[in-house]
Amino acid sequence: MAKPLLEATDLGVRYGQATALDGVGLSLGPGERVIMLGRNGAGKTTLLNVLSGIVPAARGTVTFAGEPLLGRPAHAIVRGGLAHVCEGRRVFPTMSVRDNLFSGGGWIARHRRAELHDQAMDLFPRLRERYRQAAGTLSGGERQMLLIARGLMLDPKVLLLDEASQGLAPVVVDEVLAAVERISELGVAALVVEQNTRVLGLSGRVIIMSTGRLIFSGHSGDPGILDQVRQAYLDDAPAGPAGAAS
Ligand SMILES: Nc1ncnc2c1ncn2[C@@H]1O[C@H](COP(=O)(O)OP(=O)(O)OP(=O)(O)O)[C@@H](O)[C@H]1O
Ligand SMILES: [Mg+2]
C-alpha cells in the first residue's frame with residue numbers, strides 16, 4: 001500500500017470544558033478522496049482546522065508528506081501543500097474574481113501559477129465569465145466555485161473542503177461535486193466534509209464523525225451505503241425522552 005500522504009492519530013481538542021475531538025485518527029493517500037459526514041457540532045470543522053494549523057491539538061500526532069505537522073504555523077502548512085477551503089464562503093467582496101484567485105500563492109513560480117489558473121478556469125468556466133466582477137456580487141454557488149478555484153491555485157497535494165454544498169440548489173451542488181471529481185483526477189487528494197448525503201455520489205472512502213469520534217467507516221460504492229449512513233445518523237440522534245441513544 002502506498003504510504004499515506006496525510007496521517008493523523010489520536011487527535012484530541014478541547015474548547016474549555018467541551019471536548020470537540022476525542023481520539024480521531026485518519027489517513028489520506030496521494031490522490032485519495034475521503035468523504036466525512038456528521039451532524040452539526042460533530043467536530044468536522046475542528047478536525048480540518050487542526051490539520052491546517054488554525055486550531056491547536058491537545059494531543060495526537062499528524063504527519064504530512066512524512067513530516068510532523070502539529071505546531072507548524074498555518075502559512076507553512078499551506079506552502080507545504082495543504083489547502084483548506086473553509087466553511088462560510090468568505091471571499092474578498094470588493095475585489096474582483098481575478099484578484100481573489102490571485103490573493104494567495106505568491107510563493108509559487110509564475111509559470112506554475114499560470115498553469116494552475118488555467119486549470120481552475122477550465123474547471124469553472126463560470127468564473128471566466130465573472131472574471132472582472134466584484135466577488136461580493138457572485139451567487140452562493142459561484143462564490144463556492146471561486147473559493148475552490150482559489151484553493152487549487154495554492155497548488156495543493158491535499159484539499160480540505162468544508163461543507164461546500166451548504167445551502168446550494170441541488171443542480172449547483174452537483175456542479176460543485178463534479179468539479180471535486182475532476183480535482184481528484186488532477187492527482188490532488190481531498191477530504192470532503194459534508195452534511196449533504198448527495199456527496200455519496202462521489203466515489204471515495206466514507207467516514208462519519210459524531211461528538212468528536214469516528215463512528216463509521218465504509219465506501220460510497222458499498223451496496224446499501226445510503227441506508228447504512230442514514231442508520232448511523234439515526235443511531236446518532238440525541239437522546240429523546242425515552243433515552244434511546246447509548
Ligand atoms: N471556538 C470555539 N469555542 C468553543 N467551542 C467551540 C468552538 N468551535 C467549535 N466549538 C464546539 O466544538 C464542537 C465541534 O464544532 P465543529 O465546528 O468542529 O463541528 P462541525 O461538525 O463542523 O459542525 P457544523 O456541521 O455545524 O459545521 C461543537 O460542540 C462546537 O460548539
Ligand atoms: Mg463545521
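The values are calculated or read from the model by the stated rules, or taken from the named source; none is laboratory data. Just so it is clear, the model here is predicted, and its values are computed rather than measured. Note: ideal-geometry Cβ built from the backbone for every residue, glycine included; neighbour counts use all protein chains shown. For the accessible areas, the whole protein counts, side chains as well, though only heavy atoms, and no ligand, DNA or RNA atoms are used. Shrake-Rupley method; radii C 1.70, N 1.55, O 1.52, S 1.80 Å.
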Roughly how many percent of the accessible protein surface of region 6-235 is carbon and sulfur, given a 1.4 Å probe and a whole-percent answer?
51
Compactness of region 102-209, expressed as Rg and Dmax over alpha-carbon positions, Å:
13.8, 40
Whole-Hz Karplus couplings 3J(HN,Hα) for region 174-181, θ = phi - 60° and coefficients 6.51, -1.76, 1.60, Gly and Pro as x, run 4, 5, 5, 5, 4, 5, 4, 4
Taking Lys and Arg as +1 and Asp and Glu as -1, residues besides G187 with C-beta under 12 Å from its C-beta add up to 0
The extension gain from K3 to Y15, computed as 0.36 nm times the residue separation minus the Cα-Cα distance, is 1.1 nm
Could you identify which residue out of P223, P156, P93 has the top mean-square fluctuation in a GNM of the chain using Cα springs shorter than 10 Å?
P223
Please list I54, I207 from largest to smallest accessible area, probe radius 1.4 Å, with all protein chains kept in place.
I54, I207
Using alpha-carbon positions, the gyration tensor of region 128-168 gives root eigenvalues a ≥ b ≥ c; with a/c under 1.5 called rounded, otherwise prolate if a/b exceeds b/c, else oblate, the class is oblate
Dividing the convex hull volume of the alpha carbon atoms of region 6-235 by its residue count, what do you get in Å³ per residue?
122
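Antiparallel as a % of all DSSP beta bridges within the chain, to the nearest 5? Display every interim value, and only then the final one.
Details: 22 of 41 bridges.
Looking only at bridges with both residues in the chain, the antiparallel portion is about 55 percent.
Over the chain, average the accessible area per residue using a 1.4 Å probe and give it in Å², no decimals.
Values: 11650 Å² over 246 residues.
That works out to 47 Å² per residue.
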Hey, what angle do you get for helix 110-123 against the long axis of the chain, alpha-carbon based, 0 to 90 degrees rounded to 10?
70
When the chain is treated as a Gaussian network with springs between alpha carbons less than 10 Å apart, the largest mean-square fluctuation among L234, L69, L152 is found at L234
Gaussian network model of the chain, Cα springs within a sub-10 Å range: biggest mean-square fluctuation belongs to which of R130, R112, R143?
R112
Rounded to the nearest 0.05, what FRET efficiency do H75 and A114 have when you use their Cβ-Cβ distance and R0 = 25 Å?
0.65
Multiply the residue separation of D22 and Q166 by 0.36 nm, subtract the distance between their alpha-carbon atoms, and state the gained length in nm to one decimal.
49.3 nm
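Grab the Cα-Cα distance for M121 and Q133, subtract it from 0.36 nm times how many residues apart they are, and report the gain in nm with one decimal. Display every interim value, and only then the final one.
Values: separation 12, 0.36 × 12 = 4.32 nm, distance 1.49 nm.
Value of the extension gain: 2.8 nm.
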